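We did not get these values from a lab; they are worked out from the coordinates using the rules stated. What you see is a predicted model; the values in this text were computed from it and never measured. Here the Cβ is made from the backbone with ideal geometry for all residues, glycine too, and neighbour counts use every protein chain on show.
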Amino acid sequence: MKILLVHNNYGKYSGEEAVVDKMTEMLQARGIDIAFYRQTSEGSRETLGGKIKGFLCGIYSPEGIRGMREALRRERPDVVNVHNLYPFISPAALQECRKAGVPVVMTVHNFRLVCPTGLFMRNGAPCEICLERGNEWSCLRHNCEHSLLKSAGYTLRNAYARLTGAYRENVDVFACITDFQKRKLTAAGFDSRRLTVIPNCADVPDGCTYQTGEYVGYVGRLSYEKGYDRLIDAARRHPHIPFRFAGAVREDMRGDLPENVRLLGKLDRTALEDFIRKSRFIVMPSRCYEGFPMTILEAAALGKPCIGPDHGGFPEIIGHGAGSIGRLFVPDSAESLERQITELWAQPEEVRILGLRAYEKLRREYSTDVIGKRWLRLFENLCQ
């Protein structure tokens with residue numbers, strides 16, 4: 001079996017790229033022949049010409065359509081697996097797959113099929129107005145990208161895809177990464193019979209050795225929607241607890257930090273694993289719903305629980321009550337976030353129990369072996 005993997009890389013390496021790379025490795029290890037059609041946005045936002053090209057190509061990209069056609073002719077795949085098409089491939093390229101008679105599976109990493117920004121967030125809080133109204137014009141009306149050019153571009157490319165049926169008519173299966181995503185696409189009118197849920201996955205080490213941990217950890221880019229500033233505020237109010245941040249750091253972030261906070265910058269894979277292992281637990285103070293954060297799985301592989309907001313896909317991944325693998329805080333409540341951090345910090349035995357549950361849930365539900373088999377079944381069904 002041969003899969004054509006289609007992806008427009010983002011400007012900087014992201015969690016989505018990590019998932020694409022992991023999926024490639026997983027499928028190749030199972031004897032699947034992987035071919036690629038990839039574009040990149042790297043450097044495109046630095047020039048006016050690049051911004052204009054991205055604006056236009058996001059709506060309709062002749063180059064992307066031609067590239068898809070050529071890749072299909074050259075590779076002759078059994079299935080096309082689409083990840084991100086924006087801006088230089090564009091949804092219009094999916095028509096080439098339909099013309100060639102090749103089934104398409106789209107991995108749904110975010111909420112971009114319904115929300116132009118992909119975040120379901122506006123003014124620092126979850127926003128579903130585009131879902132409720134059945135169109136994307138509120139993105140431009142509210143200037144959700146804080147740039148009229150970007151907001152207009154994002155709105156127009158979603159409008160084009162919706163009005164032409166680029167996704168609905170040319171994608172055979174939408175593979176959501178959480179049930180929460182699936183419910184939102186169903187509410188938006190997508191055919192539930194063409195929606196399935198296949199979560200992200202991670203390798204599971206042979207066993208899990210508990211280590212108490214020296215600090216509260218944060219992993220990810222230090223951006224507003226991720227809520228890293230909430231964690232710094234919490235650290236300022238609890239100076240007896242050390243906090244460490246692993247993620248790209250801008251120079252203007254280094255000033256006025258409490259003494260118990262250290263920004264370590266972006267870490268390579270080995271250093272990140274060591275960072276998680278030495279943490280007591282990981283906190284994800286996200287303002288947005290997120291998709292399926294790989295950090296939860298990376299922490300689980302090392303027996304570390306996570307604290308996350310009680311919205312989006314977090315509740316189904318982390319869980320509530322006796323079977324939970326971490327803690328959930330009330331979204332947008334600094335008090336609730338701090339309470340979960342301070343209570344868990346003071347209970348190392350509870351942290352150990354949650355961490356072992358996280359490891360077992362990873363092994364049982366999210367391991368590369370388990371998820372790999374689900375992908376293979378899906379591809380095989382489409383080829384029949």
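Can you tell me the FRET efficiency between TYR210 and SER336 if r is taken as the Cβ-Cβ distance and R0 is 30 Å, rounded to the nearest 0.05?
It comes to 0.65.
Once fully extended, how much extra length lies between ARG183 and GLU259, figured as 0.36 nm per residue of separation less the alpha-carbon to alpha-carbon distance?
23.0 nm
Starting from the Cα gyration tensor of region 36-91, multiply each eigenvalue by 5, take the square root, and state the resulting semi-axes largest first in whole Å.
Equivalent ellipsoid semi-axes, largest first: 23, 10, 9 Å.
With viscosity set to 0.890 mPa s and temperature to 25 °C, compute the Stokes-Einstein D of region 270-324, Rh being the Kirkwood radius across alpha carbon pairs; µm²/s, no decimals.
210 µm²/s
With each label point set 7 Å from Cα along the Cα-Cβ vector, what nm distance links ALA346 and TYR224?
For ALA346 paired with TYR224, the spin-label model returns 3.5 nm.
If you line up the long axis of helix 269-278 against the longest principal axis of the chain, both from Cα atoms, how many degrees apart are they, to the nearest 10?
The answer is roughly 30 degrees.
Going by average Cβ density within 10 Å per residue, which order do the peptides 265-273, 71-79 take, highest to lowest?
Order by mean packing, descending: 71-79, 265-273.
Just the Cα atoms of region 1-157, one point each, no solvent: what log10 I(q)/I(0) does Debye give at q = 0.11, 0.20 Å⁻¹?
At q = 0.11, 0.20 Å⁻¹ the computed log10 ratios are -0.47, -1.31.
Would you mind checking the tilt of helix 48-59 against the longest principal axis of the Cα atoms of the chain, expressed as 0 to 90 degrees and rounded to 10?
The two axes meet at around 70 degrees.
If you line up the long axis of helix 148-164 against the longest principal axis of the chain, both from Cα atoms, how many degrees apart are they, to the nearest 10?
Relative to the chain, helix 148-164 is tipped by roughly 50 degrees.
How big is D for region 1-61, in µm² s⁻¹ as a whole number, if Stokes-Einstein is applied with the Kirkwood radius of its Cα pairs at 10 °C and 1.306 mPa s?
For the chosen part, D equals 121 µm²/s.
I'd like to know how region 203-326 sits against the 2.2 N^0.38 Å rule of thumb: what's its Cα Rg over that expected value?
Dividing the Cα radius of gyration by 2.2 N^0.38 Å gives 1.03.
How big is region 115-189 along each principal axis, measuring the range of its Cα positions in Å and listing the largest first?
34, 27, 19
List the lysines whose alpha-carbon lies under 18 Å from that of LYS361, not counting same-chain residues fewer than 8 positions away?
Candidates past the 8-residue exclusion: LYS304, LYS373.
Roughly speaking, what is the stretch gain from GLU17 to ASP274, that is 0.36 nm per residue apart minus the C-alpha to C-alpha distance, in nm to one decimal?
This chain segment gains 90.4 nm when fully extended.
Can you give the Rg to Rh ratio of region 309-384, both from alpha-carbon atoms, with Rh computed by the Kirkwood formula?
1.15
Using only the Cα atoms of region 128-278, what do you get for the radius of gyration and for Dmax, in Å?
21.0, 57
Using the Kirkwood formula on the Cα atoms of region 67-200, what hydrodynamic radius do you get, in angstrom to one decimal?
Taking every pair of different Cα atoms in region 67-200, averaging 1/r and inverting gives 15.4 Å.
Please tell me the relative contact order of the chain in percent, rounded to the nearest whole number, where contacts are Cα pairs under 8 Å and at least six residues apart.
14 percent
What's the Cα-based Rg to Rh of the chain, Rh via Kirkwood?
0.97
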